[in-house]
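Presented below is the structure to which this report refers.
The values are calculated or read from the model by the stated rules, or taken from the named source; none is laboratory data. In this text, all values refer to a predicted model and were calculated from it rather than measured experimentally. Every residue, glycine among them, receives a Cβ derived from its backbone with ideal geometry; neighbour counts consider all protein chains shown. Quick note on the areas: whole protein, heavy atoms, side chains included, nothing else; ligands and nucleic acids left out. Shrake-Rupley method; radii C 1.70, N 1.55, O 1.52, S 1.80 Å.
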Amino acid sequence: MADNNQLNSRDSFSSKFGVIAAAAGSAVGLGNIWRFPYVAGENGGGAFLLLNLAFILAIGVPVMLSELLIGRKAQLNIFGAFRKLAPGKPWYLVGLMGVGAAFMILSFYAVVAGWTLEYSFYALRNEFAGKSAEELSLIFDKLTGATWRPVVFMLIFMAISALIVRSGVKKGIERYTKILMPLLLVIIIGLAIRSLTLEGAYAGLEFLFRPDFSAIDANTVLEALGQAFFSLSLGMGVMATYGSYIKKSESLGQTAISVSLTDTFIAVLAGVAIFPAVFAFGIEPGAGPGLVFVTLPGIFNQMVGGYFFAVFFFVLLVIAALTSSISLLEVVVAYFVEELKMKRPVATWVAAGIMSLLGVLCALNGAIFNLFDKTSSNILLPLGGLFIVIFVGWFLGKRVVKAELEADGRVAFYFKMFVPVIRFLAPIAIALVFLNGIGLLKF
Ligand code: PFF
């Protein structure tokens, strides 16, 4: 009963679909549609995808389940959760690292979301029509090279995120995700179909689905791991924070699997939409963060009703980015409110204010943008994930883990498999990839 009482005093998601929609809303975002294609393009395509999928399965799903479990057990923000579950031990530092990572990620994330917002207006004004790949690429370079516009759009995006988070989890987060995400999916499917029917599309499919293992080096492997963490919103407390809002009657295992599947499906679908067009238009797959911003308008130009597709797509992408950014902001706000005893609105504006300052740096300086992007995904998130699985596997105790996994009253048949995975497979795999990636170990 104690847990129920506690739950009543905290905000919580009202339905199973609400939980999955919110967690999937966090996972699905620019990471799938902007980051996955650009990083896959820089890392050789097929082999990267294969590694990424393997990491999602062997590491992503177990880390997600571990995080949800920590949050729901503790009923607190990520920092408070570690302090409560491991009193007097330094595990709370993992929580602090997560809060730090949230600052770093939202700073550059809001910049990309700002580009997306600006692209919605371009789409509305029909600015892509009739433009070649070079001209489209010029539009992107001009936008990101400008001084005030990327900053302003980043700030607008940050303010909208803050307004939603300020009004609380249930009212804020659940409402927006339920209807709009399925709509985005429909549009991406439309894009993928058009892209696949372009002349020269096959080379893109080959690039994405035929692994070329000679393209793999230690860094590619680390990038594939980082992308798995980033895309699934893992390693920094988002899923723990959301887990703390999940009722005991919901199955955490089911949530982790549905969210991971949805997220992965959308990333692969985005790849299927992007790469055939990349090759058909003669764009360089390793073009970097601008890849989708140049490729997608090109596809819209080739579509019947492309104008409407473009407008809908960019608006929905902004919304997908919002459902992710609010989850990042929520990690920090929950920490400020519960640990530093700030009022929710104050906590929200302080967090968003600091992130905006960092965001200005990212908007104006590509090197800082890149540093934040790579450091968070490839270092902070995997490290956080490593500690999280070690904590649940070795510290929390099998009994607690089993009880939490079976709190919905059903036998968690995967429990026996879950324990060795989080005790051995996941931590060893993360550690090896990580050490190899940063050059401390050589295979
Ligand atoms: N998963 C989000 C995306 O793919 O867009 C980004 C993200 C959200 C990363 C929350 C990390 C995080 F904690």
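Things worth noting here:
- Residues (within 13 Å of the ligand (Cβ to nearest atom) and either open to solvent by 10 Å² or more (accessible area, probe 1.4 Å) or touching an Asp or Glu at 6+ places or on another chain (Cβ under 8 Å) (or both)) located in the stretch 253-264: Thr262, Thr264
One line per residue, one yes/no per condition, for (1) open to solvent by 10 Å² or more (accessible area, probe 1.4 Å); (2) farther than 28 Å from Val400 by Cβ; (3) not β-branched (Val, Ile, Thr):
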residue	(1), (2), (3)
Gly226	no, yes, yes
Gly235	no, no, yes
Ile246	no, no, no
Ser251	yes, no, yes
Ala270	no, yes, yes
Val294	yes, yes, no
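- The stretch 384-443, subset charged (D, E, K, R) and either more than 16 Å from Gly253 (Cβ to Cβ) or touching a residue at least 24 places away in the same chain (Cβ under 8 Å) (or both), residue most open to solvent (accessible area, probe 1.4 Å): Arg399
- Residues of the stretch 104-138 that are among the hydrophobic types (A, V, I, L, M, F, W, C), buried (at least 20 other Cβ atoms within 10 Å of the Cβ) and assigned to a helix (DSSP H, G or I): Met104, Ile105, Leu106, Phe108, Ala110, Val111, Val112, Ala113, Trp115, Leu117, Ala123, Leu136.
- Flag if Lys73 is among the basic types (Lys, Arg), away from the ligand (no atom under 16 Å from the Cβ) and not in a helix (DSSP H, G or I): no
- Members of the stretch 181-223 found to be of a type in the set (S, T, N, Q), more than 16 Å from Phe275 (Cα to Cα) and open to solvent by less than 60 Å² (accessible area, probe 1.4 Å), listed by number: Thr220
- Residue selected from the stretch 219-242 under the condition part of a helix (DSSP H, G or I) and touching an Asp or Glu at 6+ places or on another chain (Cβ under 7 Å), by the criterion nearest to the ligand (Cβ to nearest atom): Ser231
- Single unsatisfied condition, Met342 versus (1) open to solvent by 60 Å² or more (accessible area, probe 1.4 Å); (2) in a loop (DSSP other than H, G, I, E, B): (1)
- Only a single criterion out of (1) closer than 30 Å to Val346 by Cα; (2) at pLDDT below 90 is not satisfied by Pro182, namely (1).
- Whichever residue in the stretch 27-47 is in a helix (DSSP H, G or I) and either hydroxyl-bearing (Ser, Thr, Tyr) or more than 16 Å from the ligand (Cβ to nearest atom) (or both) and, among such residues, is most open to solvent (accessible area, probe 1.4 Å): Glu42
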